[in-house]
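Structure, as C-alpha cells:
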Amino acid sequence: MSKNKRALMLASVASMILQFNEDNIKILNDLGYQVDVAANFKFGSALSQEKIDKYRKDLYNRGTKVNNLTIPRSIFSIKNILGSYKELKKIIKQNDYDLVHCHSPIGGVLCRLACRKARKKGTKVIYTAHGFHFFKGASKAAWAIYYPIEKFCSRFTDTLITINKEDYERAKSFKAKKVEYVPGIGVHTEEFRNVDCSREDLRTEFGFEKDDFVFMSVGQLSVRKNHEVAIKALSRIKDERVKYLLVGFGELEEHLKDLVSQLSLENRVVFAGFRNDIKELLHAVDAFVFPSLQEGLPVSLMEAMAAGLPVVCSEIRGNTDLLEGTGGGYMYGCYDVDDFAHGMGKIVNEDPPKMGEINIETMKKFDINVVNSEMYRIYTM
C-alpha cells in the first residue's frame, strides 16, 4: 500500500497562509495531499491575533497540523535564524514530505536549505518569490545581500515561481530546475465587482458629500507605502471637493497626521484605520491612489482595479504589470508629487467610469481561477 502524500506550506507569518495560500492548500488536498502548515502564529501577522487564533483552530478542525515557527524578519538576526533553521530541519525530517511549498525571503532561504537531504530522497521543493528585494531601482545593499543569496538557493529549488515579469526574466538566469510565472496570488474579481452596499451611507460615515471626488489608498502606514506623496499631491489640488480616504495603520500614522495638519488638509483627508469592509469601501470612492516604493504584485491595487476604479500609482515593478499600456490610469515616479497631483487632477476631470471598465477587463487575467489553474499545473508537473 502506498503512503499518503504529505505536503508542507511554509510562510513567515500565519496571515500569509490565510490570505494567500488557502486556495493552494485546497488544491493540494484535492490532489490527495495531507497538508501541514508552518508559520508564526503568535505575532507579526497583518491580521488581529483573535483572527489568527480562530484560523489556527479552524486548521486543527480540518485535520491540518500547525507548526508554530518563528522566522526572523531581519537577515542579521543570526542566532534566531540558526534556531529556526534547526527547528525546520527537524520538522522536515520527522514528516517525510513529498512536497514543500515555501514563501517569504528568509523563510524561503531557510526552507530550501533545510530540504537539501529531503530533495535527494524525492521531496519536491517549490518557492514563490512575492517580489525579490533586488529590483530596478533597489539599493546597492539590497543587490549585494539578497541577489547572491537568492541565486545560490535557487539550485535547491525544483520550481521557482515569480509573480511579476521583471522577477521572471531575472530568475530565468538562476539555477532552479524550473522557473514559472504566475499572475499573482489571484483576486476574486467577481466578489470585488459585485458588492451589495450603500455608497451613500459609507460616504456619510466619513463625512463625504455627494459631490466630493474621493481617492482611496489601502496599506500599512509605512515608509514603503509612501502615502506622504499622495497627501502632498492632494495639497496641490485646489478643488476642495477632492478628498482622500486612507485605510490602514502603522508606525507612520502620527507623522502622516502631522503632515495633514501642516498642509491644512484636515477637512480633506480621513484616516480610516483598519477596516474589514474593503470591498464595500472601494465602491464608496471614486479612484485609487497607490504611490508605493516597492511591490511584488500589489493585491490592494488589483482589488481596486477589479472593483472598477481608475488609478494613479507609482511606476514600479508589479504596478507596471497591471497598468502599463492599458489606459486604466496613470503611473509616475515614486516621489513626483507634481506628477501625482497632475494625474489625480486628470482623473477627476476625465472619464473615470471608462478607465474603470478598462481595469475590470485587465483584471480578468489575474483572476483567482486563472491563478489556481496555473498552480494546479505546477503542483502536478
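Derivation of every value follows stated rules applied to the coordinates shown; laboratory data play no part. Since the model is a prediction, treat every value here as computed from it, not as a measurement. Methodologically, a virtual Cβ is constructed for each residue, glycine included, from the backbone with ideal geometry; neighbour enumeration extends over all protein chains shown.
Points to keep in mind about this one:
- Over the chain, DSSP H runs of length four or greater, each weighted -39,500 (n - 2.57), average out per residue to a 222 nm ellipticity of -12500 deg cm²/dmol.
- With the simple model of a label 7 Å out from the Cα in the direction of the Cβ, Val195 to Lys365 spans 2.4 nm.
- Against the set [x] 29, 25, 24; [y] 30, 28, 19; [z] 38, 21, 20, the structure's computed semi-axes √(5λ) of the Cα gyration tensor in Å falls on [z].
- Maximal additional length on extending the Ile145-Asn4 stretch stands at 46.8 nm, based on 0.36 nm per residue less the C-alpha distance.
- In the range 326-381, a dipole from Cβ-located charges (positive for Lys and Arg, negative for Asp and Glu) runs towards its positive end, and of Gly327, Ile368, Asn349 it is Ile368 whose Cα lies farthest in that direction.
- Mean Cβ neighbour count within 10 Å, used as a protection proxy, ranking 341-348, 9-16 highest first: 9-16, 341-348
- Rounded to the nearest 20 debye, the dipole size of the chain about its Cα centre is 3060 debye, using +1 on the Cβ of Lys and Arg and -1 on the Cβ of Asp and Glu.
- Cβ distances below 4.7 Å define possible disulfide partners, and in the chain the cysteines left without one are Cys115, Cys153, Cys197, Cys313, Cys334.
- With contacts taken as Cα pairs under 8 Å and at least 6 residues apart, the range 54-141 reaches a relative contact order of 25 percent.
- Integer Hz, Karplus 6.51/-1.76/1.60 couplings in order for the range 219-226, x for Gly and Pro: x, 4, 7, 9, 4, 4, 7, 6
- A full extension of the chain between Lys90 and Ile75 corresponds to an added length of 3.3 nm, given 0.36 nm per residue minus the alpha carbon distance.
- Gain upon complete extension [Arg241, Gln34; 0.36 nm per residue less C-alpha separation]: 69.1 nm
- Of the residues Val37, Leu282, Ser264, the one whose Cα sits farthest towards the positive end of the charge dipole of the chain is Val37 (charges of +1 on Lys and Arg Cβ, -1 on Asp and Glu Cβ, taken about the Cα centre).
- In this structure, the pairs whose alpha-carbon distance is over 30 Å, taken from Lys175/Lys225; Lys210/Lys257; Lys51/Lys346, are Lys175/Lys225; Lys51/Lys346.
- FRET efficiency, Lys117 to Glu251 (Cβ-Cβ, R0 25 Å, nearest 0.05): 0.05
- Entries of Lys140/Lys178; Lys117/Lys165; Lys5/Lys54; Lys54/Lys165 with Cα pairs more than 30 Å apart: Lys117/Lys165; Lys54/Lys165
- Relative contact order of the chain, taken over Cα pairs closer than 8 Å and 6 or more residues apart, is 13 percent.
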